[in-house]
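The values are calculated or read from the model by the stated rules, or taken from the named source; none is laboratory data. As the structure is a prediction and not an experimental result, all values here were calculated from the model. Neighbour counts are summed over all protein chains in view; Cβ atoms, including those assigned to glycine, are modelled from backbone coordinates with ideal geometry. Ligands, DNA and RNA are stripped out before the accessible areas are found, and what is left, the full protein with its side chains, is counted by its heavy atoms. Shrake-Rupley method; radii C 1.70, N 1.55, O 1.52, S 1.80 Å.
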Amino acid sequence: MKLSKRLQAIADLIVKYKQGEILADIGTDHAYLPCYLVSEDIIDKAYACDIASGPINASIETIQLYHLEKQVIPLLGSGMNPILDKDVDMISICGMGGKLTVDILDEHREFLNHHRFILQANIGLEILREYLYKQNMKIIDESIVKDAQHIYEIIVCEKTDDMIAYQEEDFYFGPCLRKNKKGLFYEKWHRQLEIQKGILNSLEEQHPRYHEIMHLITMIEGEISGS
Ligand SMILES: C[S@@+](CC[C@H](N)C(=O)[O-])C[C@H]1O[C@@H](n2cnc3c(N)ncnc32)[C@H](O)[C@@H]1O
């Protein structure tokens, strides 16, 4: 089974930071990630969860195609509700916005205490990282991948008893990604810099977002200076 580059990068991080044998994939769509992980014997069992019946039916098709009915269980429901009574070691929430990911995490905060999470938000990563920080969820590792012209960031995190010291820059650029800046990191933020400058040029100085965008531009310039 071949995954997209984005899903493969998520699977690679799951291999690296695997905890236990059971994964719940929230917002699974076609259940590609859980089916891959089980068919490659990376985990024993997965719950493929989705809020909508279309994706659950698509999941059932993938499960049947790869004969994984005993190991990949489709569950219909919102967020982590379908796994409230299930034994789960790891939880992945990928391919949504940062705000929606936060809403899903916050609805059942009890899950944050005992599970390792693999998160990939398409937008609003700063919202997600700030939430994790407020919940004392330590970002253990991050990776960055380019797939079909989009650059995606993936986060592995879990609760810690230690104090976490983050700066605002960590929320935007990722505490692990900015420690070990790679080509894709610079590509993403050079691109963002141009986008934000374009937005700034279109705004009057009195616009409520003007100073916010200025601040972001200054942060990006500081982060990529010397590249
Ligand atoms: C863009 S797809 C991402 C699929 C897959 N996780 C990936 O990364 O390729 C988002 C999926 O999340 C589902 N979804 C949206 N809101 C959800 C929620 N509150 N709870 C569970 N699933 C949700 C949608 O139905 C859709 O199938």
Number of the condition not met by Lys138 [criteria: (1) within 30 Å of Gln167 (Cα to Cα); (2) within 16 Å of the ligand (Cβ to nearest atom); (3) outside any helix (DSSP H, G or I)]: (2)
Evaluation of His108 against (1) over 24 Å from Tyr32 (Cα atoms); (2) open to solvent by less than 70 Å² (accessible area, probe 1.4 Å); (3) away from the ligand (no atom under 13 Å from the Cβ) (one fails), failing number: (3)
Residue list for the range 84-105, restricted to those being away from the ligand (no atom under 15 Å from the Cβ) and open to solvent by 70 Å² or more (accessible area, probe 1.4 Å): Asp85, Asp87
Top-ranked residue in the range 63-83 [being of a type in the set (A, V, I, L, M, F, W, C) and more than 13 Å from the ligand (Cβ to nearest atom); ranked as most open to solvent (accessible area, probe 1.4 Å)]: Leu65
Quick count over the range 44-55, residues being open to solvent by less than 60 Å² (accessible area, probe 1.4 Å) and more than 9 Å from Pro34 (Cβ to Cβ), is 5
Here is a check on your reading of the model: is Ala58 modelled with pLDDT of 95 or more, assigned to a helix (DSSP H, G or I), surrounded by fewer than 21 Cβ atoms within 10 Å (Cβ to Cβ) and in contact with a strand residue (DSSP E or B) (Cβ under 8 Å, 6 or more places away or on another chain)? no
Within the range 12-62, residues within 11 Å of the ligand (Cβ to nearest atom) and of a type in the set (A, V, I, L, M, F, W, C) come out as Ala24, Ile26, Ala31, Leu33, Ala48, Cys49, Ile51, Ala52, Ile56, Ala58
